[in-house]
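So the structure is just underneath, and the comments pick up after that.
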Amino acid sequence: MTVKQMDPASLNGWVDGLLLNRTVIGPVQKGDKFVFESLSRASDLRLDYDTTLLPPKKFLLPSREILLTFRGDSHYASQAPPDPFVLLGVHPYDVAAIRQMDRVFSEKQVDTHYMARRGACTLVALDAQAVSPNNFAGCMGTATVREGWDLLFSRVGGAYLAEAATEKGESLLRSAGLLADAAPGQLEERDRLWESNRQAMRRHVLHCSPQDLPGLLSRNYDHPLWQERAERCFSCGACNVVCPTCYCFDVQDEVDWSLECGSRCRAWDGCLLRDFASVAGGHNFRRHSAERYRHRYYRKAKYLPEMTGEIACVGCGRCVDACVARTANPVEVYNTLLGD
Amino acid sequence: MPRPRVAIFDFAGCEGCQLQIVNLEEALLDLLRVVDVVEWREAMSEQSDVFDIAVVEGAITRLEDEERLKRIRQKAPVLVALGSCASSGGLNKLKNRMAMSEARRLVYGRDGGVSRLDTAPVKAVSEVVKVDYLVRGCPIDRREFSYVVRCLALGREPFIPGYPVCVECRIRENACRWQEGEICLGPLTRAGCGAACPAQGAACLGCRGTCDDANLEGMASVLAQYGKSREELESRLAVFLDPDGKGVSHA
């Protein structure tokens, strides 16, 4: 499909039209930060946001969700499939993270709850118009992405360019009515925006290629850095919670006052939390904070890449933003291991 | 299955945690279907010496209270400490920072010398008798209390978070109080409240006690990074996490 153009007012009008018959989730302001939220009107959208407190994963893998409800007579019912929704304004690094989550939840054991939400979602990406203070997506190759979205918006001068990559995206864009094709000059401007974002999203500069990270970690399991940096770590899991590629969860059953009926809930868990690696019998595989601190980086940049070929960090910088102790900066960790 | 008999007792405190139970409102009727409340001074006149679960609210501040608590424990197969005062001594422990004569004078003025107003350093319930379960918070969280009651009725171990408040605070996308220039005890405090105070724009005061392995030492470097003093931190720790100034306890 050819790239189309849309002025900002038409884009808002189009979103208001979508809101008449479906849920649209997009970035809105909260205090002096931004969050993804279900919109009530297009004028609340802040497409100029730099980043959000939580990544959009909260709409695909909710922080807490009921997997099934049960009754005492061994009857149980799975949750109803979600209604279709539009996830609008997702920055490229978050699109890259969602692609990684898609693989986690669809390979081998298919997670029906995640995949149902993913199937119901039309993913509308947006090239970033502002760069958050700790973003290093440019170093991770995720400042721009050419796949993973249904529709991509890019702000070029006074207009938005819209490019559909899937039937879902095309169909959504068709609902905007007849749109003019993007002019060649606008496409060149979009190329320049991409190049500019690749350069700007380097608030922290990684001194090696992401592909070198698994090898770097292999050589540094006993490096003193793990203990030193963990001494400031509260094991509070903020880095896990705000991470767009963290997908670990815990499952608990809860009963209501009948003591017979209830629900099976899953909730986000995080490898920095002490009980994460506790097992039956009371043993904990990572009892000490430094072991958990180290594990997070090994998981992101060695264990998962060895299985999937991709570093499980997209450089969004949210962990750096969220860490009260300022000890969660991955670029600082890797550069220190590099001896820089 | 017979309903477990529950007796609710109160010691030194504001009775706000018992009030939270009353505030269950409609759910109180559900609760009464699950347990048989045989004694509860705040809400009924009946008394009983026979119960399966004793719920104890408040801190222990007098020697005769210690004796009363020990008698309750002897009769109770299971004992639950309710709220911050019972769990850790709570605000009452601020008294322990001064001489008892000074505490009497501050509270009762000229009458402070009267012998019946005699008082002792404040203790948490667990400093006097064995406690089986803690329902923390100032006040307690009604949902958590209800959950613990259902677990006890089922003979199931309740799952209470061991991790810090920050987990719940980040999930709610609250503004971080540290980044707003305040000292927040969320990183040291046990979650389970849903980060209720930061969600209202107030720093965590630590009413649920310390989380597992609270990293107080790590707080020192954080203070420096945010330009805060040790004294500012200690004045906040004094409220719940280190009320008697003996160091952060791990209740």
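In the stretch B:138-155, is there at least one residue being of a type outside the set (A, V, I, L, M, F, W, C), closer than 17 Å to A:Leu272 by Cα and either under 22 Å from the mean Cα position of the chain (by Cα) or at the interface with another protein chain (Cβ under 7 Å from one of its Cβ atoms) (or both)? No: zero hits. Of all the criteria given as (1) over 30 Å from A:Asn329 (Cα atoms); (2) over 22 Å from the mean Cα position of the chain (by Cα), the one not satisfied by A:Glu163 is (2). Within the set B:Val135, B:Val148, the sole residue that is modelled with pLDDT of 95 or more, under 30 Å from B:Arg71 (Cβ atoms) and in contact with a Leu (Cβ under 6 Å, 6 or more places away or on another chain) turns out to be B:Val135.
The residue that is surrounded by the most Cβ atoms within 10 Å (Cβ to Cβ), counting only those in the stretch A:217-234 that are part of a loop (DSSP other than H, G, I, E, B) and not charged (D, E, K, R), is A:Phe234.
Beta carbons closer than 7 Å, at least 6 apart along the sequence or on distinct chains, pair a first residue in the stretch B:78-93 that is within 17 Å of B:Ile8 (Cβ to Cβ) with a second that is among the aromatic types (Phe, Trp, Tyr) for B:Val80/B:Tyr133; B:Ser84/B:Phe240.
Here the condition is being under 18 Å from the mean Cα position of the chain (by Cα), in contact (Cβ under 8 Å) with a residue 12 or more places away in the chain and either within 30 Å of A:Val255 (Cβ to Cβ) or not assigned by TED's automatic domain parsing to the domain that holds B:Pro139 (or both); of B:Leu216, B:Leu188, B:Leu233, it holds for B:Leu188 alone. Say we look at the stretch A:210-251 and pick out the residues that are under 30 Å from A:Phe59 (Cβ atoms) and of a type in the set (S, T, N, Q); which of these is farthest from the other protein chains (Cβ to nearest Cβ)? Residue satisfying both the conditions and the ranking: A:Thr245.
Within the stretch A:178-207, residues that are within 21 Å of A:Gly158 (Cα to Cα) sit with their Cβ atoms under 9 Å from residues that are charged (D, E, K, R) and in a loop (DSSP other than H, G, I, E, B), at 6+ positions apart or across chains, in these pairs: A:Arg190/A:Asp127; A:Leu193/A:Asp127; A:Trp194/A:Asp127; A:Asn197/A:Asp127.
Just one of (1) aliphatic (A, V, I, L, M); (2) outside any strand (DSSP E or B); (3) over 16 Å from the mean Cα position of the chain (by Cα) fails for A:Ala96. It is (3). Among the candidates B:Leu94, B:Leu134, the residue that is under 16 Å from the mean Cα position of the chain (by Cα), among the aliphatic types (A, V, I, L, M) and not in a helix (DSSP H, G or I) is uniquely B:Leu134. When B:Val167 is tested against (1) over 30 Å from A:Cys319 (Cα atoms); (2) surrounded by 17 or more Cβ atoms within 10 Å (Cβ to Cβ), exactly one condition is not met: (1).
Taken over the stretch A:291-336, the criterion of being aliphatic (A, V, I, L, M) and crowded, with 19+ Cβ neighbours inside 10 Å is satisfied by A:Ala301, A:Leu304, A:Ile311, A:Ala312, A:Val314, A:Val320, A:Ala322, A:Val324, A:Ala325, A:Ala328, A:Val331, A:Val333. Here the condition is being without any contact (Cβ under 8 Å) to a residue 12 or more places away in the chain and part of a loop (DSSP other than H, G, I, E, B); of B:Glu67, B:Glu46, it holds for B:Glu46 alone. Looking across B:Gly201, B:Gly192, B:Gly162, one residue alone is at pLDDT 95 or above, touching a helix residue (DSSP H, G or I) at 6+ places or on another chain (Cβ under 6 Å), assigned to a loop (DSSP other than H, G, I, E, B) and more than 8 Å from chain A (Cβ to nearest Cβ). It is B:Gly192. Assess whether A:Ile25 counts as being modelled with pLDDT of 95 or more, in a helix (DSSP H, G or I), closer than 27 Å to A:Arg264 by Cα and of a type outside the set (D, E, K, R). For A:Ile25, the condition - modelled with pLDDT of 95 or more, in a helix (DSSP H, G or I), closer than 27 Å to A:Arg264 by Cα and of a type outside the set (D, E, K, R) - is not met. Just one residue in the set A:Leu47, A:Leu53 is within 12 Å of the chain's Cα centre (by Cα) and in a loop (DSSP other than H, G, I, E, B); that residue is A:Leu53. So which residues in the stretch A:317-340 are within 14 Å of chain B (Cβ to nearest Cβ) and outside any helix (DSSP H, G or I), if there are any at all? Matches in the stretch A:317-340: A:Cys323, A:Val324, A:Ala325, A:Arg326, A:Thr327, A:Ala328, A:Asn329.
Scanning the stretch A:252-293 for residues that are farther than 30 Å from A:Cys323 by Cα, more than 9 Å from every other protein chain (Cβ to nearest Cβ) and not in a strand (DSSP E or B) yields A:Glu260, A:Cys261, A:Ala280, A:Gly281.
The values are calculated or read from the model by the stated rules, or taken from the named source; none is laboratory data. Source: prediction; values computed, not measured. Glycine also receives a Cβ, built like all others from the backbone with ideal geometry; neighbour counts cover every protein chain displayed.
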